[in-house]
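Asker: I'd like to ask you about the structure that follows.
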Amino acid sequence: NTISSNTIRAAGSSAYGIYASTARYNNITNNNVTASGSSGQGINLDSSAHNNTFASNWVNASGGSAVVISISASQSNSFSHNVLLGGAGTTVGMAQNGYNTTFTNTTLMVAATSGIWIATSINSPSNATFVSTFFNDTNGGIRILPSAIVPEGYSITLTKLNVSSNNTAYLNSTNMSF
């Protein structure tokens, strides 16, 4: 199945822009997805959503504790050339609790100063690989090259990457020890 070139807007306390459960081998490309609401999610890959490809999508989630992309109990999904935007109040740009997920040439933007760009679950072998990932903020950004595997129970935040208000970015290896 292919979902391509759509504008998807969902609003409400638990709105989902794209929700996939037991969905396999789908191509989701060139879409503009927006979810707004206190617990809204731009893309939610739930149990057994395996081997799906997401390419060149713009995904936005905002409000309360919204999540731009949530992956749970799914494996072997691929994301490339996507822009993930978390609006004010959003706490997580991407929550990873799946296995063998790859993100290539991804841009993550979280507007909230307390926002989390990436969060992996404890006791869940996520094996999430990020290749050429750009972490962007209103103050500046930093690109991680060539790739990194984020371990379980770890989060990447504005503070850990140390992007300051004078458009300067520093990577503190003590904060990002993986």
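Readers should treat all values here as calculations from the given coordinates under stated rules, not as data from a laboratory. Quick caveat: nothing in here was measured; it's all calculated off a predicted structure.
Asker: How large is log10 of I(q)/I(0) for the stretch 17-86 at q = 0.12, 0.23, 0.24 Å⁻¹ when the intensity is taken from the Debye formula with one equal scatterer per alpha-carbon?
Answerer: Once normalised to I(0) and log-transformed, intensities are -0.27, -0.96, -1.02.
Asker: Another question, if that's okay. In whole Hz, with x marking every Gly and Pro, tabulate ³J(HN,Hα) for the stretch 41-48 from phi via Karplus 6.51 cos²θ - 1.76 cosθ + 1.60, θ = phi - 60°.
Answerer: Listing the rounded values in order: 9, x, 10, 10, 9, 9, 3, 6 Hz.
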